[in-house]
Amino acid sequence: MSASKGSAAGVEQEDLQAVEKLRGGAAEHGLDIRGAKIRRSSSRFCLGVEHGDYNGTELFGVGTNRFIWLAYQPNGTQRVRLFSQNFAGDGRVEFTLGEAPTKTPAIQQSWARFPFGVDAILKRDGFRLSKGMDGVVYGNIPGGGMSRSASLTVNLITALLDANGVEVKDPLKIVDMAQAVENVYIGSPCGQLDQIMILFAKDGMGTHYNPKDRTIQYVPAGAGAENMRIVVLDTGTDRPGLEKSTYKVRRAECEEFAGMIGKVEKDVRCLADVKDRGMLERIMGKFGGSQPHLCRRLDYIFHAQQRFYEMMEAWHKGDMTTVGRVFREDGIGLRDLYQISGPELETMCDIARAIPGVLGERMLGGGDKGAAGALCRSEAVAPLKQAVETAYPRSRPDFAKKYAVHVCKMVQGITVFEGLVS
């Protein structure tokens, strides 16, 4: 993994618009970002297995072009001074390196929990940083389903290390620290899917992660993928943090069930270890009567793993019809077996499913609220947009002015621009 270095030719209009936002925030809050680097981190689109990371499955996804931009540079002190244009009401966040405050209820309600958490975890893991920095943040990632928190955390960690001239040889260490910021400091029980898919994403490529040996492989999409489009359907709902959502309950259920299974199937430490159909039938026979809800969680993970390899082969061949079908089947499993979706998410899926040329659709991310996603042929994009614009406000009038449709492309996860801020 390495960040790509952006050139003038690679700068998009949205990057230039973000620069203006960053300049405005810096001027308003007395931050000096003249000559600063801009670190852009992507969102992500998981193709499989959603909710598989904390269950031990292999993972596959792409970086997508909804971003967080951070303009930053050392300020000659040990102080970190940051401002977020997205959370302007929180004002300027400021702390001395290695001395970020302990989390409080007030901090928990502020975006400051992310830089404070980054400082706490860097200190915990032995990084003694001495060069503070000024920075301004702006992002356009929706608030649920595309991993805004993971993008911000990865961005802040890599920017602080870069400002201090520190290179981490094993990029998975960045993943571990980014997860720890959310697990340990913030209290969100996230896995590592989001951080991996953002940190390692490459333009036009799928990222395959195998947790057994912690390896990353890049899988180019076959020729048939040229006509496929990734569409994110933001429901306009506000999703609370994972620590306040069904995600936390599902993770606890899966860990509980893995422990129960491990007492009768000695090789099982997580639900992903149940790969043999005979073992699945034994488990269902033993626990189906007493733990039907836990068996449903396992049923989803088991079959999602079976479909995963079919989807990977289809991706490589460019068979996007099969990729879309698997994506749809996973969505039905997430809705009916894993029971992690939500009514607004399913409204979006119902609308998308009725459009010719939509290959598959399902909820994205932590669940309950946020965004759904669709894979479709290019000619289906306009009809899909029109259908959402017509049907969604009628079905969900409370969100008629909040929803959005984002047509995305596969992009590099981390890009650093220089010379954009003068």
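The values are calculated or read from the model by the stated rules, or taken from the named source; none is laboratory data. As the structure is a prediction and not an experimental result, all values here were calculated from the model. For neighbour counting, all protein chains shown are included, and Cβ atoms are generated from backbone atoms with ideal geometry for every residue, glycine included.
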Across segment 225-250, which residue is nearest to Lys369 (Cα to Cα) among those that are surrounded by 18 or more Cβ atoms within 10 Å (Cβ to Cβ) and modelled with pLDDT under 85? Arg239
Among the candidates Arg113, Arg124, Arg148, Arg128, which residue alone is basic (Lys, Arg) and in contact with a Ser or Thr (Cβ under 8 Å, 6 or more places away or on another chain)? Arg148
Can you go through Ser147, Ser151 and tell me which one is assigned by TED's automatic domain parsing to the domain that holds Lys37, hydroxyl-bearing (Ser, Thr, Tyr) and touching an Asp or Glu at 6+ places or on another chain (Cβ under 6 Å)? Ser147
For segment 76-89, state whether one or more residues are farther than 22 Å from Val166 by Cα and free of Cβ contacts under 8 Å to residues at least 12 places away in the same chain. yes
Sort out which residues of segment 127-168 are surrounded by fewer than 24 Cβ atoms within 10 Å (Cβ to Cβ) and acidic (Asp, Glu), and write them in order of number. Asp162, Glu167
Take Arg328 and decide whether it is assigned to a helix (DSSP H, G or I), over 29 Å from Pro220 (Cα atoms) and not assigned by TED's automatic domain parsing to the domain that holds Val49. no
Please determine whether any residue of segment 409-419 is over 30 Å from Ala36 (Cβ atoms) and β-branched (Val, Ile, Thr). no
Take Leu122 and decide whether it is in contact with a helix residue (DSSP H, G or I) (Cβ under 8 Å, 6 or more places away or on another chain) and part of a helix (DSSP H, G or I). yes
Among Gly373, Gly367, which is the only one that is closer than 20 Å to Phe60 by Cβ, small (Gly, Ala, Ser) and modelled with pLDDT of 95 or more? Gly373
Any idea how many residues of segment 284-299 are without any contact (Cβ under 8 Å) to a residue 40 or more places away in the chain and part of a helix (DSSP H, G or I)? 7
Counting only residues that are part of a loop (DSSP other than H, G, I, E, B) and β-branched (Val, Ile, Thr), which one in segment 405-422 is nearest to Ala374 (Cα to Cα)? Val411
Among the residues of segment 390-404, write down those that are touching a Phe, Trp or Tyr at 6+ places or on another chain (Cβ under 9 Å) and either hydrophobic (A, V, I, L, M, F, W, C) or in a helix (DSSP H, G or I) (or both). Tyr392, Pro393, Phe399, Ala400
All positions within segment 356-379 that are touching a strand residue (DSSP E or B) at 6+ places or on another chain (Cβ under 6 Å) and buried (at least 21 other Cβ atoms within 10 Å of the Cβ): Val358, Leu359, Gly360, Glu361, Met363, Leu364, Ala371, Ala372, Gly373, Ala374, Leu375, Cys376
All-but-one check, Val166 against (1) part of a helix (DSSP H, G or I); (2) over 16 Å from Cys46 (Cβ atoms); (3) hydrophobic (A, V, I, L, M, F, W, C), failing number (1)
Looking at Cys270, Cys295, can you tell me which residue is touching a Phe, Trp or Tyr at 6+ places or on another chain (Cβ under 7 Å) and either assigned by TED's automatic domain parsing to the domain that holds Ala374 or surrounded by fewer than 20 Cβ atoms within 10 Å (Cβ to Cβ) (or both)? Cys295
Subset of segment 208-233 [part of a loop (DSSP other than H, G, I, E, B) and acidic (Asp, Glu)]: Asp213
When every residue in segment 349-362 that is within 23 Å of Gly318 (Cβ to Cβ) and not in a helix (DSSP H, G or I) is compared, the one farthest from the chain's Cα centre (by Cα) is Pro356
Scan Thr77, Thr57 and give me the residue that is more than 26 Å from Pro171 (Cβ to Cβ) and at pLDDT 95 or above. Thr77
Look through Gly126, Gly187, Gly206 and report the one residue that is on the phi > 0 side of the Ramachandran plot and either free of Cβ contacts under 8 Å to residues at least 40 places away in the same chain or in contact with a strand residue (DSSP E or B) (Cβ under 6 Å, 6 or more places away or on another chain) (or both). Gly126
Scan segment 335-348 residue by residue and report those that are closer than 22 Å to Tyr403 by Cα and assigned to a helix (DSSP H, G or I). Arg335, Pro343, Glu344, Leu345, Glu346, Thr347, Met348
Which of the residues spanning segment 169-183 are part of a helix (DSSP H, G or I) and more than 19 Å from Asn55 (Cα to Cα)? Pro171, Lys173, Ile174, Met177, Val181
What strands (runs of 3 or more DSSP E), lying completely within segment 45-114, carry at least 2 residues that are more than 18 Å from Val137 (Cβ to Cβ) and of a type outside the set (S, T, N, Q)? 59-74
Kindly check whether there is at least one residue in segment 38-48 that is of a type in the set (Gly, Ala, Ser) and free of Cβ contacts under 8 Å to residues at least 40 places away in the same chain. no
